[in-house]
Every structure is written in structure tokens, then in C-alpha cells.
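What follows is a short report on a single structure.
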Amino acid sequence: MSHLIEEVRKNQPLIHNITNQVVMNFTANGLYAIGASPVMANAKEEVGEMAALANALVLNIGTLTDMQVDAMIVAGKAANQAGTPVVFDPVGVGATTFRTQSAQRILEQVKVTCIRGNAGEIASLAGLSATVRGVDGAGDVDMETLAAQAHQKLGVSLVITGAQDILIHRGEKVILSNGHPLLTKVTGAGCLLSSVLAAFLAVTDDVLQAMTDAVSYYGIAAENAANEQQLPGSFQVSFIDQLYNLKSEEINRKIRMIRGA
């Protein structure tokens with residue numbers, strides 16, 4: 001079975017990231033490792049033009065400001081007009097009023113292709129009961145119930161990451177169990193996943209397939225890196241190497257997936 005990572009490497013999609021200051025370098029290096037081309041333009045004066053040129057757009061509110069939110073909306077509208085996929089990463093939504101209102105404002109004005117976040121972020125975005133602490137979501141929730149309820153309320157495809165990753169698109173659900181806890185010790189691991197997801201969406205119109213291929217690829221690369229390096233610093237370097245090296249044949253062997261309605 002073919003895997004979309006080969007299409008990403010072949011097509012080298014341009015991924016426009018309006019993202020947070022903490023993760024820019026890691027995100028750019030990760031996108032280069034998978035074969036995509038990153039651009040990090042965030043000035044309001046140019047983001048509309050850049051988003052129209054790009055093959056996918058990522059909106060990440062990790063270190064948001066009023067000016068950045070304005071730029072995200074300009075870029076998002078340009079991407080919508082161009083038919084370009086948009087991935088929204090609502091980092092820490094629910095932690096503060098400003099962050100939550102900014103996320104809602106973006107979703108009101110931009111049609112996003114999918115949202116990637118942890119359980120706490122997705123629950124807060126959908127107005128469901130959950131606890132969020134800082135930018136790392138916390139709370140005891142049933143992930144499958146949360147996914148179904150949030151998907152219904154938001155009307156958007158979702159990638160909810162955690163010990164298991166739950167993907168839902170037009171009511172169809174996929175559960176993936178690849179990955180490694182060391183990912184939680186690397187700043188920006190979730191943010192990079194959102195950008196990887198955008199790269200996969202850039203090479204297919206099949207949203208669920210893009211989500212499934214991107215998240216499984218990412219999780220298996222993490223498992224391979226953890227087999228080589230057990231400390232966070234060296235794991236991060238090994239992880240980038242594994243993203244570069246991982247082939248579709250190995251992904252097909254190692255993927256742990258459950259499909260369900």
C-alpha cells in the first residue's frame with residue numbers, strides 16, 4: 001500500500017506557517033526532513049500573498065498577539081479563496097480569555113480543513129467540559145466521546161493527540177496507537193505534527209487519508225527514534241533523522257490502527 005509521505009517527498013509542497021516563536025526552527029527543520037518546503041512569513045502586509053502561493057497554511061496560536069491574529073485571518077481568507085488547505089493548532093486554548101476569544105475569532109472568519117490539538121484544547125474550543133493547564137491540556141475525559149461531541153459541535157475534521165490519537169472526519173473515526181512518551185519532552189512536537197499534517201493535506205484531497213498517514217508516520221518515526229536514543233535532547237535529533245529516513249513499507253508494517261464509524 002502506498003503512503004502519502006512518498007508524495008510529499010516527490011512534490012515538496014510549500015507550507016506557510018504562522019506559528020509561535022518557540023517552535024519556528026524545529027518546525028522548519030522537521031518540514032525539511034519530510035521533504036516539504038517551509039516558509040514562516042507572519043507580517044500582515046505579506047501573509048495574504050504568501051498564503052495564496054503556498055500549498056498549505058498552518059495557523060498556530062502558541063505565542064499569539066493581536067497583530068498575529070489579524071495576520072492569521074488575512075492569510076486564512078487568502079488560503080480559502082485559493083482553495084488551499086488550512087490547519088489550525090489552538091495551542092493552550094481555554095487557558096486565558098484572550099487565547100480562547102482569539103481562537104473563536106479565527107474559526108468564525110476562516111474555514112479550516114482540520115484542527116489538531118490535545119484533548120483539553122479541543123474540548124475548550126468546542127465548549128465542552130475539560131481542564132486546561134497552560135499550553136499542555138489536562139483532564140480526565142473519554143477521548144472517543146470527546147471526539148464525537150467536538151466534531152459535531154465544531155463541524156470540522158479533528159486530530160486529537162494523546163496516548164492514543166483519535167482522528168475524525170465527516171463522522172468517520174480512526175484510532176492510532178503509534179508514538180512514544182518522549183515526544184512530550186520535546187518543545188514543539190505537537191506544533192510540528194500540525195505542520196506535517198498540512199504537508200500531507202497539500203498532496204491529496206482525501207482529508208482522512210492525509211490525517212491517518214501523517215499521524216501514523218509521525219508516531220512510528222518517534223518509536224524508531226526512541227529505540228536509538230532515550231534522552232530528550234538526543235531523541236529530538238534522532239527524531240528528525242527518522243522523519244527523513246522512514247519509508248512507506250516500514251510504516252505499513254508498524255502502523256497500529258483501528259477504524260470505526
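For the stretch 162-167, take each phi angle, set θ = phi - 60°, evaluate the Karplus expression 6.51 cos²θ - 1.76 cosθ + 1.60, and give the result in whole Hz per residue in order, putting x for glycine and proline.
x, 4, 10, 9, 10, 10
Gaussian network model of the chain, Cα springs within a sub-10 Å range: biggest mean-square fluctuation belongs to which of 203, 58, 87?
Highest fluctuation among the options: 203.
Would the stretch 57-125 count as rounded, prolate or oblate if I go by the C-alpha gyration tensor, calling it rounded below 1.5 in a/c and otherwise prolate when a/b exceeds b/c, oblate otherwise?
Working: a/c = 2.18, a/b = 1.43, b/c = 1.53.
Note, shape of the stretch 57-125 comes out oblate.
Across the chain, what fraction of all alpha-carbon pairs, as a whole percent, falls in each successive 5 Å bin from zero upward?
It works out to 1, 7, 15, 19, 21, 18, 13, 5, 1, 0, in whole percents.
What does the convex hull of the alpha-carbon atoms of the stretch 147-261 project to on average, in nm²?
7.0
Report the antiparallel proportion of the DSSP beta bridges in the chain as a percent, rounded to a multiple of 5.
45
Given axes a ≥ b ≥ c from the Cα gyration tensor, I'd like to know whether the stretch 136-205 is rounded (a/c under 1.5), prolate (a/b larger than b/c) or oblate.
Working: a/c = 1.87, a/b = 1.11, b/c = 1.69.
Because a/c hits 1.5 or more and a/b fails to exceed b/c, the stretch 136-205 counts as oblate.
Anyone know which of 36, 126, 51 comes out most mobile in the 10 Å Cα GNM of the chain?
Ranking 36, 126, 51 by mean-square fluctuation puts 126 first.
Neighbour counts of other C-beta atoms within 10 Å: give me 16, 180 arranged from fewest to most.
Details: 16 29, 180 18.
With the fewest neighbours first, 16, 180 line up as 180, 16.
In debye, nearest 20: dipole of the stretch 193-261 around its Cα centre with unit charges on the Cβ of K, R (+) and D, E (-)?
So the magnitude is around 200 debye.
Summing -39500 (n - 2.57) over the DSSP H runs of n ≥ 4 in the chain and dividing by its residue number, what mean residue ellipticity at 222 nm do you reach, to the nearest 500 deg cm²/dmol?
-16000 deg cm²/dmol
May I have the count of lysine pairs in the stretch 4-260 with C-alpha atoms under 26 Å apart, counting pairs 8 or more residues apart or located on different chains?
Lysine pairs meeting the criterion: 13.
Counting other beta carbons within 10 Å of each Cβ, put 243, 201, 128 in order, fewest first. Spell out each step's value before the answer.
Working: 243 25, 201 29, 128 17.
The fewest-first ordering by Cβ neighbours comes to 128, 243, 201.
Sort 50, 72 so the one with the fewest other Cβ atoms within 10 Å of its own Cβ comes first.
Details: 50 20, 72 29.
Listing 50, 72 from fewest to most nearby Cβ atoms yields 50, 72.
Return the single residue from 67, 211, 143 with maximal mean-square fluctuation; model: Gaussian network over the chain, springs between Cα atoms under 10 Å.
Sorting by GNM fluctuation, first place goes to 67.
Taking θ = phi - 60°, what integer Hz values does the Karplus form 6.51 cos²θ - 1.76 cosθ + 1.60 yield along the stretch 107-115, in sequence order, with x for Gly and Pro?
Karplus values, whole Hz, x for Gly and Pro: 5, 6, 10, 10, 8, 9, 6, 7, 10.
How high is the relative contact order of the chain, in percent, counting Cα pairs under 8 Å that sit 6 or more residues apart?
20
None of the figures in this text is laboratory data; all of them are computed from the coordinates on show. What you are looking at is a predicted structure, and each value in this text was computed from that prediction instead of being measured. Cβ coordinates were reconstructed from backbone atoms using ideal geometry, including for glycine residues, and neighbour counts include every protein chain displayed.
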